[in-house]
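What follows draws every value from the coordinates through simple rules; no lab data is involved. Everything numeric in this text was worked out from a predicted model, so none of it was measured. Quick reminder, even Gly has a Cβ in these numbers, built from the backbone with ideal geometry, and neighbours come from all protein chains shown.
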Amino acid sequence: MKCIEISPIPPEVILEHVAKEFGVTPSDITSDSQKWKFVVPRKICWLFLREINGYSHRHIAGLFNRVPSAVTLGLQGINNELDVDKQLWKKCSTLLHTFINLQNQTR
């Protein structure tokens, strides 16, 4: 997913914007719930934390009270979903543009 260089984004900013894009709350995303409507945005947060911020799976797991292997599997799953789900891809594109715009505003 990483095709341009942007500076790291604070995890809480990623969480806030992903939650808004998916119509859930940040606490929904960080919860233990396995409801699909929370799992997908959670994995999208992980993806941005990994690809933009360069966080390790262990670091992401710590932020979300998960084990690193859950993050590894989650990232593999979301990458597969992005390959086939164009609506999901569009949401991620929208979020990436949002993060780029946020950085441009702070320069």
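Only residues of the range 83-107 count here: report those whose backbone N is under 15 Å from the spot 7 Å along Cα→Cβ of SER7, or say none. Within reach of a label on SER7, which here means backbone N under 15 Å from a point 7 Å along Cα→Cβ, the range 83-107 contributes 99-107.
Using just its DSSP H runs of length 4 or more, each adding -39500 (n - 2.57), the chain gives a mean residue ellipticity at 222 nm of -23000 deg cm²/dmol after division by all residues.
Counting every other Cβ atom within 10 Å of each residue's Cβ, LYS86, LYS20, LYS91, LYS43 order from fewest to most as LYS86, LYS20, LYS91, LYS43.
Ordered by the count of other Cβ atoms within 10 Å of each Cβ, fewest first, TRP89, TRP46, TRP36 give TRP36, TRP89, TRP46.
Please rank LEU96, LEU49, fewest neighbouring Cβ atoms within 10 Å first, as an exposure proxy. Spell out each step's value before the answer.
Values: LEU96 18, LEU49 24.
Ascending number of Cβ neighbours within 10 Å: LEU96, LEU49.
Among the listed values [x] 31, 15, 12; [y] 38, 18, 9; [z] 20, 15, 14, the one matching semi-axes √(5λ) of the Cα gyration tensor in Å as calculated from this structure is [z].
For the chain, take the longest principal axis of its alpha carbons; what is the angle in degrees between that and the long axis of helix 36-51, to the nearest 10 within 0 to 90? With rounding to tens, the tilt is 50 degrees.
Taking a straight line from the alpha carbon of LYS35, these lysines sit under 18 Å away, with near neighbours fewer than eight places off in the same chain left out: LYS20, LYS43.
Averaged over all directions, how much area does the convex hull of the C-alpha atoms of the range 40-89 cover when projected, in nm²?
Numbers: hull surface 12.3 nm².
If you wrap the Cα atoms of the range 40-89 in a convex hull and average its projections, you get 3.1 nm².
Taking Cα atoms only, the orientation of helix 86-106 departs from the longest principal axis of the chain by about 50 degrees.
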